[in-house]
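Trainee: Sharing a structure, written as structure tokens. Questions coming.
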Amino acid sequence: LQVGEWNDGYLLMARSTTEAMNASLTATARWSLNEGIRSQTQARYLVESQDDEILRTEGYGFAVADVPVMNNINQTSLQSETSLETIRADGYFLITNLDLFDRYVVDALVRNDGSSLFGADERRQWYYRLGGAWRLAQEDFFRVPWVDELKLRYSIGTAGGRPRFNAQYETLDVQAGRAVPSRLGNRDLKPEFSTEREAGIDLSLFDFRTILSLTYARTTTEDQILQVPIATYTGFLTQWQNAGTLESETWEATLDLRLLDRPQLTWSAKLLFDATDTRITALNRSPFKYGFASAFYAREGEEIGTFYGTMPAESCAHLPEDALADIGCDQFAVDDYGHLVWIGEGGSLNDPQ
């Protein structure tokens, strides 16, 4: 809007409604054998529903002052926007936990998810989890008096990242009263499929006054959902596709210290450490830029989170070699801002040639 247009008044009316519902039904069975073997199994059904509705209308130019109704707005300036999103999902779960003599623990899960966010031809997906732990300190042969708990654990599991609502549909932009193709839909769009392997150790010392936990995790995310440029002959600019694979490694460490434990005073401290490295290990599309100011690259081998921009040259070492082929570095100088500038042959900052 021009500044003068605001002087005649501006009116915005917006309404947003979200309605969400979820329900689940769970059946649980427990059994034990000789008090040394215990198991619990659950079967569960989950259903989810979400509806989002947004209505927004705005305009400027009151015909009569101080009457904030849309009929009083210059009708040629009115702009309206509506949005309606309906999401439906459900899932089936089967979960089993097994404890053997308080030393060996097994946890298993299988799950089937269905979602309207998945492409029309990929509505249902399967996932699983399998984990185990060995409480080594509970073994009869383990004799270390100052160790209260020593547990080794390992798990492997899968999960899926859902696409955004409009990823599977064609979208159009309205320009000058005409519908212009913007993003091509994708009926085959699948959720991102992540497989995580995690190994760790939990150690408790000195009557549980010191607790140390170490974890290493490696995650592979296939069918990464990316908005990629597509050929212009399609009539659209981009499309959400399952276009890449990410590999990540994570190290985590936690140290809990119970420094003082008195009836009137307790003092504890916790130290945390984690480091994650994530890279694009496969991209079955041509490399492309994305994100704010196109500062990120989607290309094989790229570390996620690395961004690119422009940097002013601060010395001749920052110039390409062919730029100095015909002229020497003595034709450049560093100004008061630390930037390398061209001054010409025999010139200076105060008298460039």
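Trainee: Counting only protein heavy atoms, what percent of the accessible surface of the stretch 206-353 is carbon or sulfur at a 1.4 Å probe? Mind showing how you got there, number by number?
Mentor: Values: 5620 of 10220 Å².
Carbon-and-sulfur percentage of accessible area, whole number: 55.
Trainee: Is the C-alpha gyration tensor of the chain telling us rounded, prolate or oblate? Criteria: a/c under 1.5 is rounded; beyond that, a/b larger than b/c is prolate, otherwise oblate. Please list the in-between numbers first.
Mentor: On the way: a/c = 2.08, a/b = 1.34, b/c = 1.55.
In terms of gyration-tensor shape, oblate.
Trainee: Roughly how many whole Å is it from the C-alpha centroid of the stretch 192-213 to that of the stretch 87-125?
Mentor: Their Cα centres are 23 Å away from one another.
Trainee: Taking a probe of 1.4 angstrom, what is the accessible area of M70 in Å², to the nearest 10?
Mentor: 40
Trainee: Report, please, the projected area of the stretch 60-112 averaged over directions, based on the convex hull of its C-alpha atoms, in nm².
Mentor: Taking a quarter of the hull surface, the average projection is 9.0 nm².
Trainee: Run the numbers on the chain and let me know its relative contact order in percent, using alpha-carbon pairs under 8 Å that are six or more apart. Intermediate results must be reported in sequence, preceding the final value.
Mentor: On the way: 811 pairs, mean separation 29.0, N = 353.
Once normalised by length, the contact order is 8 percent.
Trainee: Taking K289 as the anchor, which lysines have their alpha carbon closer than 22 Å to its alpha carbon, excluding any fewer than eight residues away along the same chain?
Mentor: none
Trainee: How many Å² of accessible area per residue for the stretch 248-353, probe 1.4 Å? Write out the running numbers ahead of the final one.
Mentor: Numbers: 8050 Å² over 106 residues.
Ligands and nucleic acids excluded, the figure is 76 Å² per residue.
Trainee: Could you sort C316, C329 by accessible area so the largest value comes first, with the probe set to 1.4 Å? Please list the in-between numbers first.
Mentor: Working: C316 25, C329 65 Å².
My answer, sorted largest first, is C329, C316.
Trainee: If you rank T278, T76 by how much accessible surface each has, with a 1.4 Å probe, what is the order from largest down?
Mentor: Working: T278 35, T76 125 Å².
Putting T278, T76 in descending order of accessible area: T76, T278.
Trainee: Quick check on the stretch 1-131: take the gyration tensor over C-alpha atoms, sort the square-rooted eigenvalues as a ≥ b ≥ c, and tell me if it's rounded (a/c under 1.5), prolate or oblate.
Mentor: On the way: a/c = 4.81, a/b = 3.93, b/c = 1.22.
Note, shape of the stretch 1-131 comes out prolate.
Trainee: Same structure again: Using only the Cα atoms of the stretch 233-353, construct the convex hull and provide its projected area averaged over every direction, in square nanometres to one decimal. Could the numbers behind the result be given before it?
Mentor: Numbers: hull surface 70.4 nm².
So the Cα hull casts an average projection of 17.6 nm².
Trainee: Explain nothing, just compute: Karplus ³J(HN,Hα) = 6.51 cos²θ - 1.76 cosθ + 1.60, θ = phi - 60°, for every residue of the stretch 294-308 in order, whole Hz, x for Gly and Pro.
Mentor: Taking θ as phi minus 60°, the curve returns 6, 8, 10, 10, 9, 7, 4, x, 6, 7, 5, x, 6, 10, 10 Hz for the stretch 294-308.
Trainee: Karplus couplings for the stretch 10-17 from phi (6.51 cos²θ - 1.76 cosθ + 1.60, θ = phi - 60°), rounded to Hz, Gly and Pro as x?
Mentor: Computed from phi, the couplings for the stretch 10-17 are 9, 9, 10, 10, 9, 9, 10, 10 Hz.
Trainee: Still on this structure, I have one more. Can you tell me the dipole magnitude for the chain around its Cα centre, using point charges on the Cβ only (Lys, Arg +1; Asp, Glu -1), in Debye to the nearest 20? Don't skip to the end; give the middle numbers.
Mentor: Working: 31 positive and 52 negative charges, 381 e Å.
Approximately 1840 debye in magnitude.
Trainee: Determine which lysines satisfy two conditions relative to K151: a Cα distance under 29 Å, and not lying fewer than 8 residues away in the same chain.
Mentor: Cα-Cα hits under 29 Å: K270.
Trainee: Quick one: grab Rg to one decimal and Dmax as a whole number for the stretch 8-66, Cα atoms only, in Å.
Mentor: 27.5, 86
Trainee: For the stretch 193-288, just the Cα atoms, rotate onto the principal axes and tell me the three extents in Å, largest first.
Mentor: Sorted from largest, the Cα extents of the stretch 193-288 read 76, 25, 17 Å.
Trainee: Something else about it: Find which of Q75, A65, V47 sits farthest along the positive direction of the dipole of the stretch 46-117, computed with +1 on the beta-carbon of Lys and Arg, -1 on that of Asp and Glu, about the Cα centre.
Mentor: Farthest along the dipole direction, towards plus: Q75.
Trainee: Give me the distance between the Cα centres of the stretch 232-272 and the stretch 144-190, rounded to whole Å.
Mentor: For the stretch 232-272 versus the stretch 144-190, the Cα centre distance is 17 Å.
Trainee: The stretch 107-176: which chymotrypsin sites (Phe, Trp or Tyr not before Pro) are DSSP loop and have at most 16 other beta-carbon atoms within 10 angstrom? Walk me through the numbers before you get to the answer.
Mentor: Numbers: sites: F118, W126, Y127, Y128, W134, F141, F142, W146, Y154, F165, Y169; in loops: F118, F141, F142, W146, Y169.
Qualifying residues, ordered by number: F141, F142, W146, Y169.
Trainee: Sorted by accessible area with a 1.4 angstrom probe, largest first, how do D107, D188 fall? Walk me through the intermediate numbers first.
Mentor: Details: D107 35, D188 85 Å².
From most accessible down to least: D188, D107.
Trainee: Mind giving me the FRET efficiency for R124 and L12? R0 is 56 Å, r the Cβ-Cβ distance, nearest 0.05 is fine.
Mentor: That pair, R124 with L12, gives E of 0.85.
Trainee: Which residues' amide hydrogens lie under 5 Å from the amide hydrogen of I304, considering only partners 5 or more residues apart or on another chain, with H built in the peptide plane?
Mentor: Correct list: T278, R279, I280.
Trainee: Out of residues 5 or more away from I37 or on other chains, whose amide H comes under 5 Å of its own, with H placed 1.01 Å from N in the peptide plane?
Mentor: F101
Trainee: Here's a follow-up. Per residue, how big is the convex hull around the C-alpha atoms of the stretch 83-189? Give it to me in cubic angstrom, could you?
Mentor: Numbers: hull volume 15.9 nm³, N = 107.
In the stretch 83-189, the Cα convex hull volume per residue is 149 Å³.
Trainee: E170's amide H: which non-local residues (gap 5+, or another chain) put their own amide H closer than 5 Å, with H modeled 1.01 Å from N in plane and none for Pro or chain starts?
Mentor: G185
Trainee: Over the stretch 146-255, what per residue volume does the convex hull of the Cα atoms give, in whole Å³? Intermediate values should be presented prior to the final figure.
Mentor: Details: hull volume 14.1 nm³, N = 110.
Per residue, the Cα convex hull of the stretch 146-255 comes to 128 Å³.
Trainee: What are the extents of the Cα atoms of the stretch 280-326 along their three principal axes, listed from largest to smallest and rounded to whole Å?
Mentor: Computed over the Cα atoms, the extents are 42, 21, 15 Å.
The values are calculated or read from the model by the stated rules, or taken from the named source; none is laboratory data. Since we're looking at a predicted model, the values are computed, not measured. Note: ideal-geometry Cβ built from the backbone for every residue, glycine included; neighbour counts use all protein chains shown. Ligands, DNA and RNA are excluded from the accessible area calculation, which covers all protein heavy atoms including side chains. Shrake-Rupley method; radii C 1.70, N 1.55, O 1.52, S 1.80 Å.
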